[in-house]
Amino acid sequence: MSELHKFLFEGLPVRGMLVRLTGDWREVLRRRETLGAYPPPVRALLGEMAAAGVLMQSNIKFEGALVMQIYGDGPVKLAVVEAQPDLRFRATAKVVGEVADDAQLAAMVNVQGQGRCAITLDPADKQPGQQPYQGVVALHGDHREPLQKVSEVLEHYMLQSEQLDTRLILAANDEIAAGLLIQRLPVEGEGNLGARNEDEIGINEAFNRISHLAATLTQEELLTLDADTVLRRLFWEERVLRFEPQHPRFACSCSRERVGAMLKGLGREEIDSILEERGTDVEIGCEFCGLQYHFDRVDVGGLFTPERDQLPPTSAVH
């Protein structure tokens, strides 16, 4: 079972989280096989993003989806992870062209320096006129050098968007996606908190010490050791206050109703032309979970009949 462990360091302005996505991550990859398996580096990229997305969602007080997107001009045109407040997550990628077995982030996404990472917070209950909040960073550091790890990109994002020192260790293979996040707590009290948080960047001794310990964790250890062992090995000299673990899970929000609404938005003429070309039905596959939705001529007629708002109960099949 996938687990998320939150913890605090007693007496220090530092918090941490450790996530291990196991069977749920394997389910993401299994579902993808119906549409064609991703190359190994893309699977690792998505796994690290999935672990990071769950960590970042659990680190904010926000009722809505956190959507992480990495996109650019390389063969990986887009990689997306969505995490909900209850830690349901899903992931997908669009790959066009060959990806070398040893490709790193820059070679997959940021070939000509056009790569970006966008973090979107999409409220669950939008008020009229309310727009999702989005922050975007380039896939390079302050000196224009290309960043080769998702962890580096997200550390850079957190520093720019929230002025908080963050250490992130990520790893993923075909069995598990895991991550460790260590973060300096924001300054509390009166006055200009943003400026005071910024003044603390890079100089907080407690965070720097804990961050240094976290950085000694190898990807192999992160993938093979359980949470208790990791925390004990890294922070055995610290007083760590741990909370009840949570359980992230894979889940997709696609539905027949949503697909029907999308088809309806294309217009009757367009859908009829697809039906004419295929001769049988319109088939739509969810890029996140691989579920296939089929709409025959009767289903399409129901979509465009004003008196009927509900779709007919035609089954969706894998």
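Quick one: in region 152-178, of everything that is among the polar types (S, T, N, Q) and touching a helix residue (DSSP H, G or I) at 6+ places or on another chain (Cβ under 7 Å), which residue is farthest from P40 (Cα to Cα)?
Of all residues in region 152-178, those among the polar types (S, T, N, Q) come to 160-161, 163, 166, 173.
Of the ones still in play, those that are also touching a helix residue (DSSP H, G or I) at 6+ places or on another chain (Cβ under 7 Å) are 163, 166, 173.
On the way: Q163: 34, T166: 27, N173: 8 Å.
Checked region 152-178; the qualifying residue farthest from P40 (Cα to Cα) is Q163.
Looking only at region 98-136, which residues are assigned to a loop (DSSP other than H, G, I, E, B) and touching a Lys or Arg at 6+ places or on another chain (Cβ under 9 Å)? Steps first, answer last, please.
To start, the set of residues in region 98-136 that are assigned to a loop (DSSP other than H, G, I, E, B) comprises 98-104, 110-115, 124-132.
Answer for region 98-136, where residues must be assigned to a loop (DSSP other than H, G, I, E, B) and touching a Lys or Arg at 6+ places or on another chain (Cβ under 9 Å): Q104, N110, G113, P132.
Hey, can you tell me all the residues within region 219-267 that are closer than 17 Å to G16 by Cα and of a type in the set (S, T, Y)?
Within region 219-267, just T229 meets the criteria.
When the residues of region 229-260 are narrowed to those that are under 18 Å from I176 (Cα atoms) and touching an Asp or Glu at 6+ places or on another chain (Cβ under 8 Å), which ends up surrounded by the fewest Cβ atoms within 10 Å (Cβ to Cβ)?
Among residues in region 229-260 that are under 18 Å from I176 (Cα atoms) and touching an Asp or Glu at 6+ places or on another chain (Cβ under 8 Å), the one surrounded by the fewest Cβ atoms within 10 Å (Cβ to Cβ) is H247.
Test T120 against the stated conditions and say whether it is without any contact (Cβ under 8 Å) to a residue 60 or more places away in the chain and either aliphatic (A, V, I, L, M) or in contact with a strand residue (DSSP E or B) (Cβ under 8 Å, 6 or more places away or on another chain) (or both). Talk me through it step by step, then tell me what you get.
On the way: without any contact (Cβ under 8 Å) to a residue 60 or more places away in the chain: yes; either aliphatic (A, V, I, L, M) or in contact with a strand residue (DSSP E or B) (Cβ under 8 Å, 6 or more places away or on another chain) (or both): yes.
Yes, satisfied.
A quick yes/no check of all residues on (1) out of contact with any Ser or Thr (no Cβ under 8 Å at 6 or more places or on another chain); (2) closer than 13 Å to Q84 by Cα:
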residue	(1), (2)
V19	no, no
R26	yes, no
E33	yes, no
P39	yes, no
A44	yes, no
L55	yes, yes
F62	yes, yes
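How many residues does region 27-66 contain that are aliphatic (A, V, I, L, M) and out of contact with any Leu (no Cβ under 8 Å at 6 or more places or on another chain)?
So in region 27-66, the residues aliphatic (A, V, I, L, M) come out as 28-29, 35, 37, 42, 44-46, 49-52, 54-56, 60, 65-66.
Right, trim to out of contact with any Leu (no Cβ under 8 Å at 6 or more places or on another chain) and you get 29, 35, 42, 44, 46, 49.
Result for region 27-66: 6.
Would you pick out the residues in region 203-228 that are assigned to a helix (DSSP H, G or I), among the hydrophobic types (A, V, I, L, M, F, W, C) and either without any contact (Cβ under 8 Å) to a residue 60 or more places away in the chain or exposed (fewer than 15 other Cβ atoms within 10 Å of the Cβ) (or both)? Steps first, please.
Kept after step one, since they are assigned to a helix (DSSP H, G or I), are these residues of region 203-228: 205-215, 219-224, 227-228.
Right, trim to among the hydrophobic types (A, V, I, L, M, F, W, C) and you get 206-207, 210, 213-215, 222-223, 227.
If the condition is that a residue be assigned to a helix (DSSP H, G or I), among the hydrophobic types (A, V, I, L, M, F, W, C) and either without any contact (Cβ under 8 Å) to a residue 60 or more places away in the chain or exposed (fewer than 15 other Cβ atoms within 10 Å of the Cβ) (or both), then L213, A215, L222, L223 are the ones that fit.
Residue under question is R184, and the condition is that it be modelled with pLDDT under 95, buried (at least 17 other Cβ atoms within 10 Å of the Cβ), basic (K, R) and more than 26 Å from R90 (Cβ to Cβ); does it hold? Walk me through it before giving the result.
On the way: modelled with pLDDT under 95: yes; buried (at least 17 other Cβ atoms within 10 Å of the Cβ): yes; basic (K, R): yes; more than 26 Å from R90 (Cβ to Cβ): yes.
Answer is yes for this residue.
Among the residues of region 67-78, is there at least one that is of a type in the set (S, T, Y), touching a residue at least 24 places away in the same chain (Cβ under 8 Å) and not in a strand (DSSP E or B)? Walk me through it before giving the result.
At the first step, the residues of region 67-78 found to be of a type in the set (S, T, Y) are 71.
Still in the list and also touching a residue at least 24 places away in the same chain (Cβ under 8 Å): 71.
From the residues that got through so far, the ones that are not in a strand (DSSP E or B) too are none.
So far as region 67-78 goes, no, none of its residues is of a type in the set (S, T, Y), touching a residue at least 24 places away in the same chain (Cβ under 8 Å) and not in a strand (DSSP E or B).
Would region 27-38 turn up any residue that is modelled with pLDDT of 95 or more and under 30 Å from Q131 (Cβ atoms)? Spell out how you get there, then give the answer.
As a first pass, look at region 27-38 and keep what is modelled with pLDDT of 95 or more: none.
No, region 27-38 has no match at all.
Please identify the pairs in which a residue from region 237-260 that is more than 17 Å from A91 (Cβ to Cβ) has its Cβ atom under 7 Å from the Cβ atom of a residue that is among the basic types (K, R) and outside any helix (DSSP H, G or I), counting only partners at least 6 apart or on another chain.
From residues that are more than 17 Å from A91 (Cβ to Cβ), the pairs are F243/K6.
Any residue at all in region 308-317 that is of a type in the set (G, A, S), in a loop (DSSP other than H, G, I, E, B) and either within 30 Å of A50 (Cβ to Cβ) or at pLDDT 75 or above (or both)? Steps first, please.
Quick first cut of region 308-317, residues of a type in the set (G, A, S) only: 315-316.
Among the residues that remain, those that are also in a loop (DSSP other than H, G, I, E, B) are: 315-316.
From what is left, the residues that are either within 30 Å of A50 (Cβ to Cβ) or at pLDDT 75 or above (or both) are 315-316.
Yes, region 308-317 contains a residue that is of a type in the set (G, A, S), in a loop (DSSP other than H, G, I, E, B) and either within 30 Å of A50 (Cβ to Cβ) or at pLDDT 75 or above (or both).
For residues that are out of contact with any Phe, Trp or Tyr (no Cβ under 9 Å at 6 or more places or on another chain) and touching a residue at least 24 places away in the same chain (Cβ under 8 Å), scanning just region 79-97, find the one that is farthest from V19 (Cα to Cα).
Taking the candidates together, the pick is Q84.
Would you be able to say whether some residue in region 147-158 is modelled with pLDDT of 75 or more, part of a loop (DSSP other than H, G, I, E, B) and within 22 Å of K6 (Cα to Cα)?
Just the residues of region 147-158 that are modelled with pLDDT of 75 or more, to begin with: 147-158.
Pick out the ones that are also part of a loop (DSSP other than H, G, I, E, B) and you get 147-149.
If we keep only those that are within 22 Å of K6 (Cα to Cα) as well, we get none.
No, every residue in region 147-158 fails to be modelled with pLDDT of 75 or more, part of a loop (DSSP other than H, G, I, E, B) and within 22 Å of K6 (Cα to Cα).
Go through (1) farther than 26 Å from L241 by Cβ; (2) outside any strand (DSSP E or B); (3) free of Cβ contacts under 8 Å to residues at least 40 places away in the same chain and name the single condition Q57 misses.
(1)
The values are calculated or read from the model by the stated rules, or taken from the named source; none is laboratory data. The structure presented is a predicted model; accordingly, all values stated were derived computationally and were not measured. No Cβ is skipped: glycine too gets one built from the backbone with ideal geometry, and neighbour counts run over all protein chains shown.
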